[in-house]
1. Using Cα springs under 10 Å in a Gaussian network model of chain A, which residue among A:60, A:50, A:88 shows the largest mean-square fluctuation?
2. I need the calculated FRET efficiency for the pair residue A:65 and residue B:22, taking r as the beta carbon distance and R₀ as 41 Å, to the nearest 0.05.
3. Given Cα pairs under 8 Å that are at least 6 residues apart, what percent is the relative contact order of chain A?
4. Of the trypsin sites (Lys or Arg not before Pro) in the range B:1-78, which ones lie in a loop per DSSP and count no more than 11 other C-beta atoms within 10 Å?
5. How many nm separate the modelled label positions at residue A:27 and residue A:54, each set 7 Å beyond the Cα in the direction of the Cβ?
6. Let a ≥ b ≥ c be the square roots of the eigenvalues of the Cα gyration tensor of the protein assembly as shown; is it rounded (a/c under 1.5), or, if not, prolate (a/b larger than b/c) or oblate?
7. If you add up the charges near residue B:52, with Lys and Arg at +1 and Asp and Glu at -1, over every other residue whose beta carbon is less than 15 angstrom from its beta carbon, what do you get?
8. Based on the Cβ-Cβ distance from residue B:58 to residue A:14, what FRET efficiency comes out when R0 is 41 Å, to the nearest 0.05?
Amino acid sequence: NAGVTQTPKFRILKIGQSMTLQCTQDMNHNYMYWYRQDPGMGLKLIYYSVGAGITDKGEVPNGYNVSRSTTEDFPLRLELAAPSQTSVYFCASRKLAGVSPNTGELFFGEGSRLTVL
Amino acid sequence: QKEVEQDPGPLSVPEGAIVSLNCTYSNSAFQYFMWYRQYSRKGPELLMYTYSSGNKEDGRFTAQVDKSSKYISLFIRDSQPSDSATYLCAMSRSGGSNYKLTFGKGTLLTVNP
């Protein structure tokens, strides 16, 4: 059972380039999330999804896009990369509300470390 | 005022010490309170979960929630070098489809052997 898998683990981009961070979970979780973590700043929610075909913005969505065509996959697209997008990105998933036991736990991937130069 | 405030530390203690980590929050609508532990270059992992007010104990870890003061705490007894990590508090208003965690900035803890 792999849990939440993120690729790539590391990437360096030039300003203006685009890329997609991949996220896959094998726990059949309905909810999926993308966070970014900057040093000393905690985790900020970028986008989230409550199921296939449904996505919504979080706190810091500008410069990003997402799609959710399957339950398992939730890719994050960066368009026109900027230095401000240098960060560590975490994908997370959670089981459907009402499914017992449900502590509200988010299961995180190991992160994708992105540098924009 | 930020929704969730957490002292980033760093905090350095000797092995065996009692550690107290704290967060304050401003939104009285928060009902679900969590502590996540994050080892260096890893994703966060849930350590403790509490719904509404009260205490919860799990081994050497105790989580406390005081909703009247908008204050949550995590206590670690008999701290071990393996407890060295960043501890993030997190909270949510809703448990359903609108469940979104708001995280503190995290406190970096080092337990010295």
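No value in this document is a laboratory result; all are computed from the given coordinates. Worth saying up front: this structure is predicted, and the values here are computed from it rather than measured. Glycine also receives a Cβ, built like all others from the backbone with ideal geometry; neighbour counts cover every protein chain displayed.
1. Result for chain A, Cα springs under 10 Å: A:60 fluctuates most.
2. E between residue A:65 and residue B:22, to the nearest 0.05, is 0.65.
3. Value for chain A: 35 percent.
4. Filter output for the range B:1-78: B:41.
5. Rounded to a tenth, the inter-label distance reads 1.9 nm.
6. Because a/c hits 1.5 or more and a/b exceeds b/c, the protein assembly as shown counts as prolate.
7. Once positives and negatives cancel, what remains is +3.
8. After rounding, the FRET efficiency stands at 0.30.
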